[in-house]
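Participant: Quick one: the structure is below, and I'll ask about it shortly.
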Protein chains: 2
Amino acid sequence: MSIRYLTARLAQQIDEELMGAAGAFSLDQLMELAGLACAQTLATVYDKERYPRVLVCCGPGNQGGDGLVAARHLGMFGYKPVIWMPKPGSKDIYKRLHKQCANMDIPTLPASDPSQAESTLSTALASSDVVLDAIFGFSFQPPVRAPFDTALPLIARANVPIVSVDIPSGWDVERGDAEGRGLRPDVLVSLTAPKEGVRRFAGRHFLGGRFVSRSVEERYELNLPGYPGVAQIVELAR
Amino acid sequence: MSIRYLTARLAQQIDEELMGAAGAFSLDQLMELAGLACAQTLATVYDKERYPRVLVCCGPGNQGGDGLVAARHLGMFGYKPVIWMPKPGSKDIYKRLHKQCANMDIPTLPASDPSQAESTLSTALASSDVVLDAIFGFSFQPPVRAPFDTALPLIARANVPIVSVDIPSGWDVERGDAEGRGLRPDVLVSLTAPKEGVRRFAGRHFLGGRFVSRSVEERYELNLPGYPGVAQIVELAR
């Protein structure tokens, strides 16, 4: 039995179940464990001696929240993260997570006016060793809007290795990078279970989200692999 | 510079700062990371092949919440935890954390009437390989009240190894086990920083709580050791 790839609708349904009355998880909890899994994945592939400077790119939704949690843990692990979050989400949790990063002296790139946004990002990319792509997640719906429409090509061309969270930004959640406009990550960390769109992803692929109960796993026939030891991630076989 | 041992008052102050407007952490986040650290400590010392059956003893306060999070992670790690929580706290978060354990089929010992409480606990201890003591934490004030007053001697005499969280239950937070009535744990996991009362603890001593920023650490002169790799715990030198 191989692992199940989720449609966008099923991913949404499992997420709602985990956080609903039946699952009883709070967003704070799931985001903490998801972000920790992202940070552990990056640290597993890119060691902090050779790749200390991590540009954490955060979108306006929950995936951006995962990115903020990951940035904090990467700071704790000894990396030098920098946050790029041009459209901060309005939920209170994002403000709290961002403040936690600021308290750790993790800098955020200035929100510049549109004419300078590209050069700000380009300069940051030129002084980064690896990118954590936490821009769009499983609830992404095209089209890619500003400023991400011009940012994705910049990131894609920067010749910096990319670790994407859940769905590489710009990819369709179910059809993948059908239009060839998305990022081309070297590493992917899927959360809870991988999504349909990444079936053909050929890089190193990790799974995070060690909070799915056996009963949820069986009910949705997820066929998840076992996680090793006390790790929050497991690498999927290619 | 050696690690700082905290008074009860200072521990409280740091806790309030982490969760206040300045620190911006939620209780959900800190409890998740604290409970994960407890589970990792137990798993580091007691492997799940030889010590699968963990009796997780939870008190009525936040330490009991740490215990519930640890029970869930221990279940995820492949242990067979059982919860003993005779006085569940009233906060909503404890109910959610308990429900998450129930969803993972982690059993809770029945809340029996006082005449049977001792035999319920004794029977559970006889079929446990290790105890996680999450009964009282740094806000404990004597005296030990029922049913814990009769439970602590039962646990202490059970000849089962004990992992205590923050402060071994029955110990004074600052003076330690001055009266000789507390548990005698084999392993201790201090959270954020160790407390005055455990200065002379002679067993294996771990530190958890990898969420303290450098600025908080410096301001309170905590002199924490570095955590290795992506671990949520670090063992303190004896």
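The values are calculated or read from the model by the stated rules, or taken from the named source; none is laboratory data. Here the structure is a predicted model, which means the values were calculated and not measured. Here the Cβ positions follow ideal geometry from the backbone for every residue, glycine too, while neighbour counts run over all protein chains shown. Ligands, DNA and RNA are stripped out before the accessible areas are found, and what is left, the full protein with its side chains, is counted by its heavy atoms. Shrake-Rupley method; radii C 1.70, N 1.55, O 1.52, S 1.80 Å.
Participant: Which whole-number percent gives the relative contact order of the stretch B:115-238, counting Cα pairs below 8 Å spaced six or more residues apart?
Facilitator: Taking the mean separation of contacting Cα pairs over the length of the stretch B:115-238, I get 19 percent.
Participant: Please work out how much accessible surface A:Leu42 shows to a 1.4 Å probe, ignoring ligands, DNA and RNA, in Å² rounded to 10.
Facilitator: Surface open to solvent at A:Leu42 totals about 0 Å².
Participant: Only Lys, Arg, Asp and Glu count, each charged at its Cβ (+1, +1, -1, -1), so figure out the dipole size of the stretch A:191-238 about its Cα centre, rounded to 20 debye.
Facilitator: 180
Participant: Can you spot the lysines whose alpha carbon is less than 18 Å from A:Lys87's alpha carbon? Ignore those fewer than 8 places along the same chain.
Facilitator: List returned: A:Lys95, A:Lys99.
Participant: Also, quick follow-up: Classify the stretch A:14-110 as rounded, prolate or oblate, taking a ≥ b ≥ c as the square roots of the eigenvalues of its Cα gyration tensor: rounded when a/c is under 1.5, otherwise prolate if a/b is larger than b/c and oblate if not.
Facilitator: oblate
Participant: Before rounding to the nearest 500, sum -39500 (n - 2.57) across all DSSP H runs of length at least 4 in chain A and divide by the residue total; then give [θ] at 222 nm in deg cm²/dmol.
Facilitator: -11500 deg cm²/dmol
Participant: Per 10 Å bin from zero, what fraction in whole % of the C-alpha pairs of the protein assembly as shown is there, up to the bin with the longest pair?
Facilitator: Result returned by the calculation: 4, 21, 30, 24, 14, 6, 1, 0.
Participant: Shortest first and in nm with one decimal, please list how far the A:Gly20 label point sits from its counterparts in the other copies (point 7 Å along Cα→Cβ).
Facilitator: In nanometres, ordered from closest: 4.0.
Participant: May I ask for the distance between the Cα centers of the stretch B:179-238 and the stretch A:1-43, given as a whole number of Å?
Facilitator: 31
Participant: Can you tell me which of B:Asp129, B:Asp66, B:Asp15 moves the most in a GNM of chain B? Springs connect C-alpha atoms under 10 Å apart.
Facilitator: Ranking B:Asp129, B:Asp66, B:Asp15 by mean-square fluctuation puts B:Asp15 first.
Participant: Looking only at B:Ala156, B:Ala22, B:Ala117, which one moves most when chain B is put into a Gaussian network model with springs between Cα atoms under 10 Å?
Facilitator: Residue with maximal mean-square fluctuation among B:Ala156, B:Ala22, B:Ala117: B:Ala22.
Participant: Find every distance from the label point of A:Glu221 to the corresponding label point in the other copies (7 Å from Cα along Cα→Cβ) and write them in nm, one decimal, shortest first.
Facilitator: Reported distances to equivalent positions: 6.4 nm.
Participant: Tell me the label-point distance for the pair B:Arg214, B:Arg9, using the 7 Å Cα-to-Cβ offset, in nm and rounded to one decimal.
Facilitator: Between B:Arg214 and B:Arg9, the simple spin-label model gives 3.1 nm.
Participant: Of B:Leu183, B:Leu109, B:Leu36, which is the most mobile in a GNM of chain B whose springs link Cα atoms less than 10 angstrom apart?
Facilitator: Greatest mean-square fluctuation among the candidates belongs to B:Leu109.
Participant: Give me the percent relative contact order of chain A, please, defined on Cα pairs under 8 angstrom at least 6 residues apart.
Facilitator: 22
Participant: Further question: For B:Pro114, place a label point 7 Å from Cα along the Cα-to-Cβ direction in every copy; what are the distances to the other copies, in nm, shortest first?
Facilitator: 7.3
Participant: Please compute the net charge surrounding A:Ala134, taking Lys and Arg as +1 and Asp and Glu as -1 over other residues with Cβ under 10 Å from its Cβ.
Facilitator: Here the charged neighbours net out to -3.
Participant: Then there is this: Output the relative contact order of the stretch A:5-104, whole-number percent, from Cα pairs under 8 angstrom with separation of 6+ residues.
Facilitator: It rounds to 25 percent for the stretch A:5-104.
Participant: Determine which chain B residue has its Cβ at minimum distance from the rotation axis mapping B onto A, giving the value in whole Å.
Facilitator: Whole-Å result, nearest residue of chain B to the axis: B:Asp28, 2.
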